[in-house]
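The values are calculated or read from the model by the stated rules, or taken from the named source; none is laboratory data. What you are looking at is a predicted structure, and each value in this text was computed from that prediction instead of being measured. Neighbour counts are summed over all protein chains in view; Cβ atoms, including those assigned to glycine, are modelled from backbone coordinates with ideal geometry.
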């Protein structure tokens, strides 16, 4: 498979994965007409620039991320790890090494919070007052920005790879993309934090999948191995299981445990597909020396070139023949 085929495949899958992700206001949707146009409609003032991912408004995707993260941590440390045999339980709870569940989860939380907290804006933008009201987009000044790198929305001169993000309403240094799942832009200031958070998330999910899969297999092979906790000695019914050991044991029937395990495996597998693809994609574009925005722009340029009508070979031959000067008789 050639690099062109790989690039085209990644470009297609990336569009499906990112959907309508805002790339500095560069989306498939048309920009609203500026003031003074006959098609212009009254618009509310643009929002104040967002400092980081904790700035309001907080949309649904970040809430989904934190809910999923807490749910997986809650079920893994509250349900499945306590069911492991004693030796495996100590390894899974260990925070001494980054290669096991506890340490990986702690490390992932640190880099994730750093990615969300870091302000990726240009230095000139960060020195300005974020409480100022936003400026309305004026398409007539777009060509001026291309020539001078002066953003009239931020009121500053920015670097070559900076882009003005419509969602954050500010110029991001080394703009890669606006991540709606983190409620923040990803740029040169927080890119490697973002990349590390994706990698650590994949590692956490792999570790969690191994633990839950092990528990599910042992359940059908040797249930007594999962009943090593002393509190199981009080349970006479083999169909009854204890969750949230050892502090707040909760009695449930086996179908409940199996349903929770199946739901966790589905969530973990879905996360691995998405984050695994995202990780591979960013490894690919970094090897090419591109940002996400630059990669997508290249894909659009190639698509436009390929969509241009091409002349048939016979027409090209006739045209070339017509252009050949005839020798004088």
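Some observations on this one:
- Index of the failed condition, residue 248 passing every other in (1) at pLDDT below 95; (2) surrounded by 14 or more Cβ atoms within 10 Å (Cβ to Cβ): (2)
- Flag for residue 279 being out of contact with any strand residue (DSSP E or B) (no Cβ under 9 Å at 6 or more places or on another chain) and either farther than 18 Å from residue 83 by Cβ or surrounded by 14 or more Cβ atoms within 10 Å (Cβ to Cβ) (or both): yes
- In the condition set (1) closer than 27 Å to residue 154 by Cβ; (2) modelled with pLDDT of 95 or more, residue 201 is compliant with all but (1).
- Hits in the range 274-284 (condition: over 21 Å from residue 101 (Cβ atoms) and touching a helix residue (DSSP H, G or I) at 6+ places or on another chain (Cβ under 7 Å)): 277, 278, 281, 282, 284
- Any hit, the range 109-121, residues being at positive phi, modelled with pLDDT of 70 or more and surrounded by fewer than 19 Cβ atoms within 10 Å (Cβ to Cβ): no
- Extreme residue, farthest from the chain's Cα centre (by Cα), among residues of the range 154-166 that are surrounded by fewer than 22 Cβ atoms within 10 Å (Cβ to Cβ) and part of a loop (DSSP other than H, G, I, E, B): 155
- All positions within the range 251-268 that are within 22 Å of the chain's Cα centre (by Cα) and loosely packed, with under 12 Cβ neighbours inside 10 Å: 266
- Failed condition for residue 198, given (1) within 19 Å of residue 68 (Cβ to Cβ); (2) surrounded by fewer than 16 Cβ atoms within 10 Å (Cβ to Cβ): (2)
- Of residues in the range 124-153 being farther than 25 Å from residue 180 by Cβ and in a loop (DSSP other than H, G, I, E, B), the one modelled with the highest pLDDT: 127
- Hey, residue 256 out of contact with any helix residue (DSSP H, G or I) (no Cβ under 8 Å at 6 or more places or on another chain) and farther than 30 Å from residue 154 by Cβ or not: yes
- Any chance residue 271 is farther than 30 Å from residue 204 by Cβ, modelled with pLDDT of 70 or more, touching a helix residue (DSSP H, G or I) at 6+ places or on another chain (Cβ under 7 Å) and in a helix (DSSP H, G or I): no
- Sole exception among (1) in contact (Cβ under 8 Å) with a residue 12 or more places away in the chain; (2) touching a helix residue (DSSP H, G or I) at 6+ places or on another chain (Cβ under 9 Å) for residue 235, by number: (2)
- Hits in the range 167-181 - residues which are closer than 27 Å to residue 274 by Cβ and either without any contact (Cβ under 8 Å) to a residue 24 or more places away in the chain or buried (at least 21 other Cβ atoms within 10 Å of the Cβ) (or both): 168, 172, 173, 175, 176, 177, 178, 179
- Subset of the range 56-72 (residues that are within 16 Å of residue 113 (Cα to Cα) and either in a helix (DSSP H, G or I) or at pLDDT 95 or above (or both)): 61, 62, 63, 64, 65, 66, 67, 68, 69, 70
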